[in-house]
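A short worksheet on the structure shown next.
The values are calculated or read from the model by the stated rules, or taken from the named source; none is laboratory data. Remember, it's a predicted structure, so these values are computed and weren't measured experimentally. Don't worry about glycine lacking a Cβ; one is built from the backbone with ideal geometry, like all the others, and counts go over all protein chains shown. Surface accessibility is based on the protein's heavy atoms, side chains included, excluding ligands, DNA and RNA. Shrake-Rupley method; radii C 1.70, N 1.55, O 1.52, S 1.80 Å.
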Amino acid sequence: MTETAPLRTSADGTRPTKAAHYPDGARPTPNAPPKRTLLRGLLTTARPKQWVKNVLVVAAPAAAGQLLVPGALTRIALVFALFTACAAAVYLINDARDADADRAHPTKCHRPVAAGQVPVPVAYAVGGALAVLAPLAAARLTTPAVAALLTAYIGMQLAYCVSLKHVLVVDLVVVTTGFLMRAMVGGLALDIPLSRWFLITTGFGALFMVSAKRYSEAVQLAGTAGATRALLTEYTTGYLRFVWQLAAGVAVLGYCLWALEEGGVPDTSVLPWRQLSMVAFIVAILRYAVFADRGTAGEPEDVVLHDRALALIALAWLAMYGLAVANW
């Protein structure tokens, strides 16, 4: 029987770990990040969290009361997928183009393209393929208007990535227009006429959230030039505050004009839901403005989902808006 040498006890009375059980004394690193596959890296670069914004494709059909028309949901789901593919194409090409700059950024360096998980040529190739195939699929499966809008969206966003994001005011307009296009495409897919009040309210509501986000970034990252987008140093917080306040006012005005307009159709609902929905809409704008004023209005979906009061107000508004459209 072979004797086993006893483990020596260190000076503090503890026993050493059994490092000899690992080759060359190496230990596994418990917190080492797992290696991600190329496919997963591409999916991460496509920003799944941002896909929530594409739910806006239901806005026009819902506003017109056409969401439950036979076949409408299928076409809306198709348009949602196509718009998501277009947005993914832009993200892939943008990250490939900014790979070198992102590697020097404290947080963007972890993006799959900047980190080397997704090679730059692969990101360009996949992004380019999606940018071409999505509008072609739209032309074949939906209406020419949808294909034209998706093509315009990709062209505008790529121009933004290359140069427009460095132009004062124009950068706000481009991002806002992206939201407006999402809201329009559902109506174009179902051949629904787009109300002028719908376009005004949606456009300025989007500008309100975009400028509030820019304002929050400027407030939080003041004095840290180089750690954020360069254009923020060109804006003043006073100007960005003026923009989101102006946009909020116009959005409220446009919505109220829609709610007070009879449109030649007699209102036979039990309660004046159109007019009552103004209250919830205005309260929601005021609640969102609290976060904008504090400089904590980041991504719109994060603000809504993480504030219970705002989420409940939004649900109340949706309920009244739905009842108004259904004329109950």
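Key figures
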| item | result |
| --- | --- |
| Scan of the range 161-179 for residues that are among the hydrophobic types (A, V, I, L, M, F, W, C), closer than 28 Å to residue 137 by Cα and open to solvent by 30 Å² or more (accessible area, probe 1.4 Å), ordered by number | 162, 164, 173, 175 |
| Selected residue [open to solvent by 20 Å² or more (accessible area, probe 1.4 Å) and either under 23 Å from residue 54 (Cβ atoms) or of a type outside the set (Ser, Thr, Tyr) (or both)] from 241, 182, 214 | 241 |
| Number of positions in the range 37-55 that are of a type in the set (Ser, Thr, Tyr) and surrounded by fewer than 18 Cβ atoms within 10 Å (Cβ to Cβ) | 1 |
| The range 56-86, residues that are without any contact (Cβ under 8 Å) to a residue 60 or more places away in the chain and farther than 20 Å from residue 324 by Cβ | 70, 71, 73, 74, 77, 80, 81, 84, 85 |
| The listed residue being more than 17 Å from residue 57 (Cβ to Cβ) and touching a residue at least 40 places away in the same chain (Cβ under 8 Å), out of 103, 111, 140 | 111 |
| Candidate set: the range 286-328, residues that are under 17 Å from residue 217 (Cβ atoms) and surrounded by 17 or more Cβ atoms within 10 Å (Cβ to Cβ); chosen: the one nearest to the chain's Cα centre (by Cα) | 300 |
